[in-house]
């Protein structure tokens with residue numbers, strides 16, 4: 001009998017009513033970064049937010065996207081979700097792609113924001129992981145408060161989103177964060193993308209300083225038969241909380257392309 005995974009995706013919150021919309025977070029793993037968009041979506045959808053938890057040693061085979069995807073399905077069962085639209089950003093985009101590949105009967109459509117299924121700059125990733133592992137948590141939290149809105153949201157100006165980002169109770173620089181960074185180095189689902197037959201909408205910011213979002217989205221769009229691509233001009237890595245982005249309308253449009261609309 002296999003042991004329970006020590007790095008899991010768990011249901012963090014459920015709100016609203018309507019068609020099921022599942023949010024898979026980025027590397028911070030808190031499930032908090034929808035910010036004000038959460039309430040907007042909950043007016044039209046039953047929104048289930050996931051978070052990541054790392055408790056226990058890394059398994060011998062390492063943490064895997066397959067394992068995280070399987071624990072999301074456990075969360076589907078826990079929340080009574082038979083089939084859902086899935087909205088995922090950054091690190092969570094690859095988790096959501098794995099979810100759709102492994103459990104196509106549970107995913108009606110995908111919305112992938114500023115993400116990737118292959119990370120080219122492994123040297124930069126290794127340097128970042130090493131540097132972060134040496135930074136005290138208190139210094140990381142201070143830097144996030146002072147500098148992250150400018151790094152993550154700019155060049156767009158959204159004072160409300162910046163304030164909410166600073167106040168959000170993110171998980172911080174814990175063991176799980178470093179483990180997720182290590183997972184990124186090994187991800188490569190490019191050759192499997194042609195297997196996806198569900199509707200997919202890709203969103204990529206033109207001024208993303210964290211992920212090469214536009215080239216990564218182009219790779220995915222070229223290999224997924226039923227994919228659309230929306231470029232977000234002058235937007236940074238964090239775009240879901242921005243007031244001037246019509247995320248409700250985009251999710252409603254994706255819903256009409258899925259079998260959940262029938």
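The values are calculated or read from the model by the stated rules, or taken from the named source; none is laboratory data. All of these numbers come straight from a predicted model, not from anything done at the bench. When we count neighbours, we look across all protein chains shown, and the Cβ atoms used for this are built from the backbone with ideal geometry, even at glycine.
Out of the stretch 242-259, which residues are out of contact with any helix residue (DSSP H, G or I) (no Cβ under 7 Å at 6 or more places or on another chain), farther than 28 Å from residue 162 by Cβ and buried (at least 17 other Cβ atoms within 10 Å of the Cβ)?
Scanning the stretch 242-259 gives 257, 258.
Within the set of pairs 6 or more residues apart or between chains, which connect a residue that is farther than 15 Å from residue 184 by Cβ inside the stretch 58-78 to a residue that is surrounded by fewer than 16 Cβ atoms within 10 Å (Cβ to Cβ) and modelled with pLDDT under 95 with Cβ atoms less than 6 Å apart?
Sorted first by the residue in the stretch 58-78, then by its partner, the list stays empty.
Hey, among the residues in the stretch 150-187 that are without any contact (Cβ under 8 Å) to a residue 60 or more places away in the chain and crowded, with 18+ Cβ neighbours inside 10 Å, which one's nearest to residue 207 (Cα to Cα)?
162
What pairs can you find where one residue is in the stretch 246-261 and closer than 15 Å to residue 40 by Cα, the other is surrounded by fewer than 17 Cβ atoms within 10 Å (Cβ to Cβ) and modelled with pLDDT of 95 or more, and their Cβ atoms are less than 8 Å apart, with a gap of 6+ or different chains?
As it stands, the answer is 248/43; 250/230, since those pairs meet every condition given.
Kindly indicate whether any position in the stretch 61-75 is over 20 Å from the mean Cα position of the chain (by Cα), in a helix (DSSP H, G or I) and farther than 30 Å from residue 18 by Cβ.
No, the stretch 61-75 contains no residue that is over 20 Å from the mean Cα position of the chain (by Cα), in a helix (DSSP H, G or I) and farther than 30 Å from residue 18 by Cβ.
Touching a residue at least 24 places away in the same chain (Cβ under 8 Å), crowded, with 19+ Cβ neighbours inside 10 Å and in a helix (DSSP H, G or I): which single residue out of 144, 49 fits that description? Give the derivation first.
On the way: 49 fails: in a helix (DSSP H, G or I).
Step by step, each of 144, 49 is checked, and only 144 is touching a residue at least 24 places away in the same chain (Cβ under 8 Å), crowded, with 19+ Cβ neighbours inside 10 Å and in a helix (DSSP H, G or I).
Could you please give the count of residues in the stretch 185-198 that are under 17 Å from the mean Cα position of the chain (by Cα) and at pLDDT 95 or above?
3
Keeping to the stretch 83-127, report how many residues are part of a loop (DSSP other than H, G, I, E, B), in contact (Cβ under 8 Å) with a residue 60 or more places away in the chain and touching a strand residue (DSSP E or B) at 6+ places or on another chain (Cβ under 9 Å).
6
Evaluate the following for residue 198: is it part of a loop (DSSP other than H, G, I, E, B), surrounded by 16 or more Cβ atoms within 10 Å (Cβ to Cβ) and touching a strand residue (DSSP E or B) at 6+ places or on another chain (Cβ under 7 Å)?
On the way: part of a loop (DSSP other than H, G, I, E, B): yes; surrounded by 16 or more Cβ atoms within 10 Å (Cβ to Cβ): yes; touching a strand residue (DSSP E or B) at 6+ places or on another chain (Cβ under 7 Å): yes.
Answer is yes for this residue.
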